[in-house]
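Below is one structure, written out as structure tokens; the observations come after it.
The values are calculated or read from the model by the stated rules, or taken from the named source; none is laboratory data. These numbers come from a predicted model, not from an experiment. Neighbour counts are summed over all protein chains in view; Cβ atoms, including those assigned to glycine, are modelled from backbone coordinates with ideal geometry. With ligands, DNA and RNA removed, areas are computed over all heavy atoms of the protein, side chains included. Shrake-Rupley method; radii C 1.70, N 1.55, O 1.52, S 1.80 Å.
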Amino acid sequence: MRRRTPLPPSPLPQREGVDPVRVRLPAGDAWRTVRDHLVARLAGGAGAGVVDAMLDSGRIVDAAGRPVTRERAYEPGMYVWFHRELPDEERVPFPIDVVYRDEHVVVADKPHFLATTPRGSHVAETALARLRRELGIPALGAAHRLDRLTAGIVLFTVRPEERGAYQSLFRERRVVKEYEAVAPYDPALALPRTVRSRILKERGVMAAREVEGEPNAVSRVELLEHRDGRARYRLLPSTGQTHQLRVHMSALGVPILGDPLYPVVTGPVPAGDFRRPLQLLARVLEFTDPVTGRAHRFVSPRELRAWSSYPEWAAE
């Protein structure tokens, strides 16, 4: 078996817990200089001034940490690194709690509204970047992700060389995941039941949708208790499609309270508006550690406020 060539280490440090961008120059002779390629790749030809400013200020470097100049010749396979400008982000005013930590993993209880990993307009205000800063573990990585609006248990890895082993737990469905949700109560809805459907999430489209075809999403839905027209549900996904539980609950006619996408996409929530969080919680994560062999079961102590104090949640 042919071994992969290891990636060169970054010559730039993290900034605010966020890794620098790494770009590998592809094979081909369409570009005379590194600058020409970066302008075409990063700026679409419209932001050459931004690339030039970064080059002139020495913010784009090669594997040795040397600043790349405007005239640096294009070398197929060469790596360059730089930091993107961090977006202005509203701080999510809720703590992220560490529920377990050893030399291999960190298990955190993520609050609502905090993205798991840097993406789009959420970069430094993410669970991963925060934990890297707060725990002083620059190499910390995420073994999986929760939606930004979903709270609960998330697994992070301490050593990059072990990350693949933990990610394989999720890929191979060797993790027990239990969620809890608050949604309307429908006495005509027969539960428990297992929902199977094919979910499609298109790039650039906010909401996923169910389509015809071989099921790729499977969720078990159980009723825990109900009162005053609301119910508390246990959700057990055996697959991990984007927004799977939210799509399935909406399809059953009991969309999760506080969901801005299902069944109807509402207008964007203004930055800094942390009212009425989605009432979905990753309550339990259970697995056998692939490195140590230990059996782990982690449980979030969080309460879903639409159940514990509905008037307060609804009035926010």
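Among the residues of region 211-254, count how many are touching a helix residue (DSSP H, G or I) at 6+ places or on another chain (Cβ under 6 Å) and either more than 22 Å from Glu172 (Cα to Cα) or among the aromatic types (Phe, Trp, Tyr) (or both).
Looking only at that region, the number is 1.
Consider region 136-173. How many of its residues are within 24 Å of Ser121 (Cα to Cα) and of a type outside the set (S, T, N, Q)?
Total satisfying the criteria: 20.
Pick from region 53-88 the residues that are of a type in the set (Asp, Glu) and more than 32 Å from the chain's Cα centre (by Cα): which of them is least open to solvent (accessible area, probe 1.4 Å)?
The extreme case among them is Glu75.
So which of His144, His112 is part of a loop (DSSP other than H, G, I, E, B), in contact with a strand residue (DSSP E or B) (Cβ under 7 Å, 6 or more places away or on another chain), farther than 18 Å from Glu90 by Cβ and open to solvent by 10 Å² or more (accessible area, probe 1.4 Å)? If you could, list the steps in order and put the result at the bottom.
Details: His112 fails: farther than 18 Å from Glu90 by Cβ.
So the residue among His144, His112 that is part of a loop (DSSP other than H, G, I, E, B), in contact with a strand residue (DSSP E or B) (Cβ under 7 Å, 6 or more places away or on another chain), farther than 18 Å from Glu90 by Cβ and open to solvent by 10 Å² or more (accessible area, probe 1.4 Å) is His144.
Starting from region 163-181, take each residue that is more than 21 Å from Leu304 (Cα to Cα) and list its partners that are in a helix (DSSP H, G or I), counting only C-beta distances under 9 angstrom and pairs at least six apart or across chains.
Arg174/Ser168; Val175/Leu169
Could you tell me whether region 273-286 includes any residue that is open to solvent by 20 Å² or more (accessible area, probe 1.4 Å) and modelled with pLDDT of 95 or more?
Yes.
In region 177-189, is there at least one residue being among the aliphatic types (A, V, I, L, M), modelled with pLDDT under 95, open to solvent by 70 Å² or more (accessible area, probe 1.4 Å) and farther than 30 Å from Thr292 by Cα? Walk me through how you get there before you give the answer.
Taking region 177-189 as the starting set, the residues that turn out to be among the aliphatic types (A, V, I, L, M) are 181-183, 188-189.
Adding the requirement that they be modelled with pLDDT under 95 leaves none.
No; the residues of region 177-189 include none that is among the aliphatic types (A, V, I, L, M), modelled with pLDDT under 95, open to solvent by 70 Å² or more (accessible area, probe 1.4 Å) and farther than 30 Å from Thr292 by Cα.
For region 279-316, give me each residue that is in contact with a helix residue (DSSP H, G or I) (Cβ under 9 Å, 6 or more places away or on another chain) and not in a loop (DSSP other than H, G, I, E, B). Steps first, answer last, please.
Initial filter on region 279-316 (in contact with a helix residue (DSSP H, G or I) (Cβ under 9 Å, 6 or more places away or on another chain)): 279-280, 287-291, 304-307, 312-314, 316.
Within region 279-316, Leu280, Phe287, Thr288, Arg305, Ala306, Trp307, Glu312, Trp313, Ala314 qualify.
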